[in-house]
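The values are calculated or read from the model by the stated rules, or taken from the named source; none is laboratory data. These numbers were taken from a predicted model, which means no experiment stands behind them. Here the Cβ positions follow ideal geometry from the backbone for every residue, glycine too, while neighbour counts run over all protein chains shown.
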Amino acid sequence: MLSGMSVQYSRGAAITGWGKCLPPAVLTNADMATFLDTSDEWITTRTGIRERRVSHVQLGELMYVAAARALACAGLDGRQIELIVAGTTSYDDQVPNVASGIQRRIGADGCAAMDVNTACTSFLYSLSTATAMIRSGVVRNALVTGAEVITPFIDWTDRNTAVLFGDGAAAVVLQATETGEGLLSERLGCYGDSREILRVHGMGAAYAHQDRIIGRTEWQFEGQDIFKKAVHGMAIACDEALAKAGKTWSAGGSA
Ligand SMILES: CC(C)(COP(=O)(O)OP(=O)(O)OC[C@H]1O[C@@H](n2cnc3c(N)ncnc32)[C@H](O)[C@@H]1OP(=O)(O)O)[C@@H](O)C(=O)NCCC(=O)NCCS
């Protein structure tokens, strides 16, 4: 683990706009119990999930609506945006990337546009990446989205995983501040030695020669191991991010 030495940035990246897009179709726990051996009681007590959304449109459509709302909230025109970072695991296409589709639809001609895939943490990595590029002066603003249309990849026969995921999009606009305001600090990490506790067979190029039907997936999923790794990792990351920002767990305290 990295040490949590306190750092301060002279230029910051503040969130000045935000938006979301949720598809209207709702799949409740009771709906899921009609085709899986599960129950509302089992799902809510373990996960807190009562319902999930299922999109009838592609990922790029949800992202665009969330992005347009975030831009309107920030009072910016798409043509002013200098960087788009699209955090997602469920791209509509691998080439071209999703971010370039948003670029075209908001009219941000010629700006930088990239996708970031770090599974559940894609939005956090995207936020950190855009913030770092603003802090370092590469760009003065960014549009960052976090979105999934994951339901086409769900194995609807597997109760262990099918109940956990849904579709939706969110977006924020980041703008440079010359006083350092904005995201104070972050700690990113990854357990590369645990790749086998969550692997979705059938989602990548590795399966291209296996005569698989696209979207026909098998989920290798060790829920309890994921839970332990996530809780442990998040606790360490919180400690380090606080230390880096010169903060402590006590409200308003300084290290
Ligand atoms: C997924 C999770 C909710 C499962 O809860 P759990 O208490 O660990 O449950 P287990 O996996 O031990 O399964 C217990 C039993 O419930 C069953 N079960 C699993 N899913 C079920 C469902 N949807 N409905 C009913 N029973 C279910 C299992 O088959 C198992 O039955 P068995 O004992 O007869 O084999 C939990 O492990 C978790 O939150 N993991 C982290 C998930 C996560 O963070 N995901 C984000 C990244 S993908």
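For the reader, a short list of remarks on this structure follows.
- Every residue from segment 76-133 that is of a type in the set (A, V, I, L, M, F, W, C), under 14 Å from the mean Cα position of the chain (by Cα) and in a helix (DSSP H, G or I): Val98, Ala99, Ala119, Cys120, Phe123, Leu124, Leu127, Ala130
- Within segment 40-77, the set of residues being surrounded by 14 or more Cβ atoms within 10 Å (Cβ to Cβ) and of a type in the set (S, T, N, Q) comprises Ser55, Gln58.
- Unique match (being more than 18 Å from the chain's Cα centre (by Cα) and part of a loop (DSSP other than H, G, I, E, B)) among Glu196, Glu186, Glu181: Glu181
- Of all residues in segment 4-48, those satisfying the criterion of being within 25 Å of Ala237 (Cα to Cα) and either among the charged types (D, E, K, R) or within 16 Å of the ligand (Cβ to nearest atom) (or both) are Arg11, Arg46, Thr47, Gly48.
- Qualifying residue in segment 193-200 (condition: out of contact with any Pro (no Cβ under 6 Å at 6 or more places or on another chain), away from the ligand (no atom under 16 Å from the Cβ) and modelled with pLDDT of 95 or more): yes
- Output for segment 140-154, where each listed residue is surrounded by fewer than 18 Cβ atoms within 10 Å (Cβ to Cβ) and closer than 25 Å to Thr89 by Cβ: Pro152
- Residue within segment 201-213 that is part of a strand (DSSP E or B) and either touching a Phe, Trp or Tyr at 6+ places or on another chain (Cβ under 8 Å) or of a type outside the set (A, V, I, L, M) (or both) present: yes
- Gln224 fulfils the conditions (1) within 30 Å of Gln8 (Cα to Cα); (2) within 15 Å of the ligand (Cβ to nearest atom) except for a single criterion, (1).
- Output for segment 111-170, where each listed residue is among the small types (Gly, Ala, Ser), more than 12 Å from the ligand (Cβ to nearest atom) and out of contact with any helix residue (DSSP H, G or I) (no Cβ under 9 Å at 6 or more places or on another chain): Ser126, Ser128, Ala130, Ala132, Ser136, Gly137
- Subset of segment 16-41 (residues that are out of contact with any strand residue (DSSP E or B) (no Cβ under 9 Å at 6 or more places or on another chain) and not hydrophobic (A, V, I, L, M, F, W, C)): Thr34, Asp37, Thr38, Ser39, Glu41
- Cβ-Cβ under 8 Å pairs, at least 6 apart or on other chains, segment 177-190 side on the phi > 0 side of the Ramachandran plot, far side assigned to a loop (DSSP other than H, G, I, E, B) and surrounded by fewer than 13 Cβ atoms within 10 Å (Cβ to Cβ): Gly180/Gln8; Gly180/Ser10
- Looking across segment 78-89, just one residue is of a type in the set (Ser, Thr, Tyr) and surrounded by 21 or more Cβ atoms within 10 Å (Cβ to Cβ), and that is Thr88.
- Any chance Val98 is modelled with pLDDT of 95 or more and crowded, with 20+ Cβ neighbours inside 10 Å: yes
- Failed item in (1) in contact with an Asp or Glu (Cβ under 6 Å, 6 or more places away or on another chain); (2) farther than 20 Å from Gly146 by Cα, with Val98 passing the rest: (2)
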